[in-house]
Amino acid sequence: SRYDADKVSAYIVQSSFDLAGPLDATALQAAARSLLERHANLRACFLSQDLAEPVQVIPREVALPWQDIDLCHLAAHEREVEFARWLQEDRLQPFEPARAPLLRFALIRLAPQLARLVFTSHHILLDGWSMPILIKELFTMYAARGDASALVPAVPYRNYLAWLKRQDRVAAESAWRDAFAGLTGPTRLCATAASASGRQDVLAHSLSAELSDALARQARKHGLTLNTLLQGAWGALLGRLTGSEDVVFGITVSGRPPELAGVEHMVGLFINTLPLRFRFDASEPVAKALARLQDEQSSLIAHQHLGLSDIQRLAGIPSLFDSL
């Protein structure tokens, strides 16, 4: 975010919810305010000026960023056009990392019985796993007019930070160093430098139900996960495109350690982007190469908390991959 300060950030996440029927806007705002009180890490900001390293700061209290917008006076078509314009404008509005909170709400009224709630946040606060938890809590407290006692006590994010501090960093570094021993260079698809995060395109491709079922059956037959099958396919494609039988690409992991009590209910950022190395020989059976890939990845699960920059430093290659 600091690197791309003047550009559209890939890390601004925006969600929109249609609310049909009678709406108590005061209760909804109170519920949103209770979320900030309930989860200390949602109040986080990040200071770096005149500091050797950035620090995370949690203010005891923050004002809730909330907008009320009424579009009921517009014709139906104009309402949708204006909402789309506002949504794009909101998405382009950056967050200042040093100013808490790095999230905002807007309630847009489209008709007497229809409104949209837009929740915009910086990715540094939340991952995708957290969103359903957060929204469920929001509407549970909405029904209780903002009363947080309607929910069981939150499992604090600081429990995860304490777990992180207890991990054996030496063992993790040793495991990642071994995983990338002998790698001669990065795997790059693009000849030119990567574009700024403000330039993004999405290409979605759906597999048929028949092909999806066949892939799942094939994975089960060989004792593989579907994830391993898809990772192997991407690795093989990279190998073909780059002319290498030793390729690296990025993967995103949930980062939620199963041994940490209540981690599945925690709200925060846990995910990690990690490099995956796939070595194969064009003459060996595919199942054998995939089984080896799965074993290698399984052996690294206990060390998935290490940061990408640390892993690349251990590998001796500043940028291991450009595809994820």
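The values are calculated or read from the model by the stated rules, or taken from the named source; none is laboratory data. On a predicted model such as this, the values are computed, not experimentally measured, just so you know. Backbone-built Cβ (ideal geometry, glycine too); neighbour counts: all protein chains shown. Note: accessible area is taken over every heavy atom of the protein model, side chains too, but ligands, DNA and RNA are not part of it. Shrake-Rupley method; radii C 1.70, N 1.55, O 1.52, S 1.80 Å.
Annotations
- First in the stretch 216-245 and within 25 Å of PHE321 (Cα to Cα) and among the β-branched types (Val, Ile, Thr), second anywhere and modelled with pLDDT of 95 or more and not in a helix (DSSP H, G or I), Cβ under 9 Å, 6 or more apart: THR242/THR187
- Residue check for ASP310: surrounded by fewer than 12 Cβ atoms within 10 Å (Cβ to Cβ) and either without any contact (Cβ under 8 Å) to a residue 12 or more places away in the chain or not aliphatic (A, V, I, L, M) (or both): no
- Qualifying helices (runs of 4 or more DSSP H) (wholly inside the stretch 103-215; at least 2 residues being open to solvent by 90 Å² or more (accessible area, probe 1.4 Å) and either among the aliphatic types (A, V, I, L, M) or within 30 Å of PHE321 (Cβ to Cβ) (or both)): 158-166, 169-179
- If only residues of the stretch 8-47 that are in a helix (DSSP H, G or I) and among the small types (Gly, Ala, Ser) are counted, the one that is surrounded by the fewest Cβ atoms within 10 Å (Cβ to Cβ) is ALA25.
- Looking only at the stretch 277-297, and only at residues there that are over 15 Å from PHE180 (Cβ atoms) and open to solvent by less than 30 Å² (accessible area, probe 1.4 Å), the one that is nearest to the chain's Cα centre (by Cα): LEU290
- Note on the stretch 231-255: residues that are assigned to a loop (DSSP other than H, G, I, E, B) and surrounded by fewer than 18 Cβ atoms within 10 Å (Cβ to Cβ) amount to 4.
- Top-ranked residue in the stretch 48-79 [being surrounded by 13 or more Cβ atoms within 10 Å (Cβ to Cβ) and assigned to a strand (DSSP E or B); ranked as nearest to the chain's Cα centre (by Cα)]: TRP66
- Residue check for LEU274: outside any helix (DSSP H, G or I), at pLDDT below 95 and within 16 Å of the chain's Cα centre (by Cα): no
- Of all residues in the stretch 47-59, those that are in contact with a Lys or Arg (Cβ under 8 Å, 6 or more places away or on another chain) and either at pLDDT below 95 or over 26 Å from SER15 (Cβ atoms) (or both) total 1.
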